[in-house]
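Take a look at the structure set out below.
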Amino acid sequence: MMDDRSSKLILVPILAVLFVMIGYQYICPAGSNSCHFKTEEKFRGVSLLSTPYQDSDDFYRDQDLEDDSPPKLSSKFNFTERDLDRHVEFNIKGDDVIVFLHIQKTGGTTFGRHLVRNIRLEQPCDCKPGQKKCTCHRPGKEESWLFSRFSTGWSCGLHADWTELTNCVPVIMDKKEARRNKRNFYYITMLRDPVSRYLSEWKHVQRGATWKTALHMCDGRSPTQDELPTCYSGDDWSGVTLTEFMNCPSNLANNRQVRMLADLSLVGCYNLSSMNESQRNHILLSSAMSNLKNMAFYGLTEFQRKTQYLFERTFSLRFISAFTQINSTRAANVDLSETVRKRIEDLNYLDMQLYEYAKDLFLQRFQFTRQREHQEVRLKRREEKRWLREQRDQSDFPATTEDYTSQVARW
């Protein structure tokens, strides 16, 4: 027979473990998504505090992010913390709408498919085989949370730009859903290295693409033939050489990213006689930079994993599968002389400046978000250790144990 003292000594560690397990059930109840563990941590001890973005697939994804992270950057632009912190309280069940501005040949088709097919949602988009569009409704409602090519179609025109979308989207959404609640529109886009994007567009046009049904609406009308002359006669520009492509002064491929992100009403739309070229270019570039910076999110084709990471952290939405970086493209396979490359850069000198700005801001945002997340994880780990230490300290006092024993007995 064990005396009372021996019984208490045996009971102390058992009750301490029981106390921790009961406390854990209060913090992370069964069925809760608030607590996540890495596979290798499950048997090391009990984790009492949730760690965001630590699903098993995310562990390897984050390892990849570390591998391609550049050293700490010194920015040539004066970005504020507000510029770098892009987290938004996106309410998919409320009145919030993500609007995807799809610029040609920036990887927008792939990203657009990710939006409708690759996000973990309570009510996933309904994508039926053989149909180009998916139905992306809010949980329990017949309302769309996504305005994009693969959800609502080209409702504001083929590859509608910032000028078109900001004027058109609210009107279209009201017509589709017959309601006037104030919505929050979160604009997003993808950008690409200007030379690669230009070559990709040339290759696409060479194969027969035209986008001639695009509306180019600005201040309530489309441009006239004089304002926007076509570069070719006939149905398309199939077989165009790179030299011919570069020689057309009205080619919309030139500085496409700046034009599609700027407020064109500031420069008289497509009327080039409204101001001199230098003034027009300055206004267009400044407007594009401002609009890009103030968008909820943008990604870069050259940084797929970071694009995924920042989108997930911005909207608190999770992708099912990791993004893939594909560098072997048609544009990459074009053998360019330095003279031709310089000519393309000159034709896209506004886009070159925008991309330099966009890349700097994008990488600064990535580092800011990554560092903040690491700090939060370290803080939670310290709190977790402190909590466990306090429980161990409390279990060393018999009086506390006896009191807890009596509580268990009453339960």
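The values are calculated or read from the model by the stated rules, or taken from the named source; none is laboratory data. Computed from a predicted model, the values in this text were never measured in an experiment. Glycine also receives a Cβ, built like all others from the backbone with ideal geometry; neighbour counts cover every protein chain displayed. Calculation scope for accessible area: heavy atoms of the full protein, side chains included, ligands and nucleic acids excluded. Shrake-Rupley method; radii C 1.70, N 1.55, O 1.52, S 1.80 Å.
Ligands, DNA and RNA excluded, the heavy atoms of Arg117 present near 140 Å² of accessible surface to a 1.4 Å solvent probe.
Surface composition of the range 147-278: carbon and sulfur atoms hold 49% of the protein heavy-atom accessible area at a 1.4 Å probe. Of the residues Ala253, Thr241, Pro129, the one whose Cα sits farthest toward the positive end of the charge dipole of the range 116-267, with +1 on the Cβ of Lys and Arg and -1 on the Cβ of Asp and Glu, is Pro129.
Given 0.36 nm per residue, what is the gain on full extension from Gln375 to Ser238 after removing their alpha carbon distance, in nm? Walk me through the intermediate numbers first.
Numbers: separation 137, 0.36 × 137 = 49.32 nm, distance 5.41 nm.
So the extension gain works out to 43.9 nm.
Need the full-extension length gain, Val340 to Lys132, defined as separation in residues times 0.36 nm minus the C-alpha distance. One decimal, nm. If you can, show how the numbers build up before the last one.
Values: separation 208, 0.36 × 208 = 74.88 nm, distance 3.76 nm.
Length difference between fully extended and current span is 71.1 nm.
For the set Lys93/Lys380; Lys76/Lys293; Lys133/Lys203; Lys105/Lys342, the pairs lying more than 18 angstrom apart at their alpha carbons are Lys93/Lys380; Lys133/Lys203; Lys105/Lys342. Projecting label points 7 angstrom from Cα along Cα→Cβ for Met275 and Phe185 puts them 2.3 nm apart. Relative to the current alpha-carbon distance between Trp387 and Gln225, full extension at 0.36 nm per residue lengthens the span by 51.1 nm. Please work out the C-alpha center-to-center distance from the range 331-395 to the range 205-228 and express it in whole Å. Between the Cα centres of the range 331-395 and the range 205-228 lies a distance of 36 Å.
Leaving out ligands and nucleic acids, note down the accessible area per residue over the range 181-304 with a 1.4 angstrom probe, in whole Å². Working shown, then result.
Numbers: 5460 Å² over 124 residues.
I get 44 Å² per residue for this part.
Determine the order of Arg330, Arg197 by accessible area, beginning with the largest, at a probe radius of 1.4 Å. Each step should come with its number before you reach the end.
Details: Arg330 145, Arg197 0 Å².
Order by accessible area, largest first: Arg330, Arg197.
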